[in-house]
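The values are calculated or read from the model by the stated rules, or taken from the named source; none is laboratory data. Remember, it's a predicted structure, so these values are computed and weren't measured experimentally. Neighbour counts are summed over all protein chains in view; Cβ atoms, including those assigned to glycine, are modelled from backbone coordinates with ideal geometry.
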Amino acid sequence: MSTTNLFVELIVIGVSAFIWLVLFIFSVFGYAWVPIDLLLSPSAAVAILAVTYVLGIISDRIADTVFDWIWSDDLRGPYFQDRREYYNARRLILIRSERLSDLLEYGRSRLRICRGWAFNSILIAISLNTFLWMNLSDRSSIWSISIFSSISLLVFAFAAWFAWQKLVKTEYQKIKEQAELFAPRESEEDE
């Protein structure tokens, strides 16, 4: 996987973290103080991109920790006895086949993006509702926007989680199958 691809992946994840963080800041401090024309300037875009990138790194690591803690063993169990066996099989593929290694990294990129958006979509829903209830005065509009956005964001979070789960299972299955193809070569070389 190229550095550019990884950078873009973290920006994509970081956008979702940036959204909920900005909504949270606006909830706490209001938004009247924000100089919109300054934020839309090219110089601000560089700073926003940098912050988005860092937020992508941070939220990816947090989402990875949370998802690994909750679902890792259940998803890996049917394919590998433990982490060590999984990492050994993955390392075998990375060493033996550049093409399969590239496909593995592409799949992992999609997996990380889905995981990041599943995690951050829930935080967007919380921050958006906090923002709506703390900053808008028309209660009937707040209810409509809150209900619609909450349902939409939670459906999106579930869809991203579901895609992540399917991608993880597919990765485990492919790594197991591909590593088994290379395993006989390993034992032949040892002789």
(Q) Take the conditions on the phi < 0 side of the Ramachandran plot, exposed (fewer than 15 other Cβ atoms within 10 Å of the Cβ) and among the aromatic types (F, W, Y) and apply them to Y87. Does it pass? (A) yes
Q. What number of residues within the stretch 29-55 are surrounded by 11 or more Cβ atoms within 10 Å (Cβ to Cβ) and assigned to a helix (DSSP H, G or I)?
A. 12
Q | Failed criterion for P78 (all others in (1) closer than 30 Å to E171 by Cβ; (2) in contact (Cβ under 8 Å) with a residue 40 or more places away in the chain; (3) touching a helix residue (DSSP H, G or I) at 6+ places or on another chain (Cβ under 6 Å); (4) not acidic (D, E) hold) | A | (3)
Q: Would you check which residues across the stretch 109-145 are among the small types (G, A, S) and either crowded, with 18+ Cβ neighbours inside 10 Å or touching a residue at least 24 places away in the same chain (Cβ under 8 Å) (or both) and list them?
A: S109, G116, A118, S121, A125, S127
Q.
assigned to a helix (DSSP H, G or I) and either out of contact with any strand residue (DSSP E or B) (no Cβ under 8 Å at 6 or more places or on another chain) or surrounded by 14 or more Cβ atoms within 10 Å (Cβ to Cβ) (or both): is that true of F162 in this structure?
A. yes
Q. Which of the following residues is more than 23 Å from S152 (Cα to Cα) and either modelled with pLDDT under 90 or surrounded by 14 or more Cβ atoms within 10 Å (Cβ to Cβ) (or both): D60, D73?
A. D73
